[in-house]
1. Can you tell which of 78, 50, 19 is in contact (Cβ under 8 Å) with a residue 60 or more places away in the chain, acidic (Asp, Glu) and surrounded by fewer than 17 Cβ atoms within 10 Å (Cβ to Cβ)?
2. In the stretch 2-47, what residues are in a loop (DSSP other than H, G, I, E, B) and at positive phi?
Amino acid sequence: MDNLDKVRDILSETLGLGERKYSITTESNLLGSIPELDSMGVVSVITALEKHFNITINDDEISAKTFETLGSLVSFVEQKLAN
């Protein structure tokens with residue numbers, strides 16, 4: 001399973017998206033398009049990503065651009081893994 005699938009699964013499990021996860025592509029908008037991804041949802045997803053990938057995400061690293069699309073979120077995770 002690649003990072004795209006892992007991040008999609010974490011997003012789906014954390015937000016309870018069920019079958020909707022299969023319609024989320026790298027170009028899919030996240031913020032504003034997934035009602036469950038509110039401020040608390042973002043915090044929950046960040047926590048789940050930290051646990052799964054064993055990374056630390058600082059508050060100042062998070063922006064709306066990070067959660068703009070699934071692709072931008074995956075890119076962010078991959079950058080954290082490379083450091």
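1. 78
2. Answer for the stretch 2-47, where residues must be in a loop (DSSP other than H, G, I, E, B) and at positive phi: 16, 32.
All of the numbers you see were taken from the coordinates with simple rules; none came from a lab. Please read all numbers here as calculations on a predicted model, not as lab measurements. Positions of Cβ are generated from backbone atoms using ideal geometry, with glycine treated the same way; all protein chains shown enter the neighbour counts.
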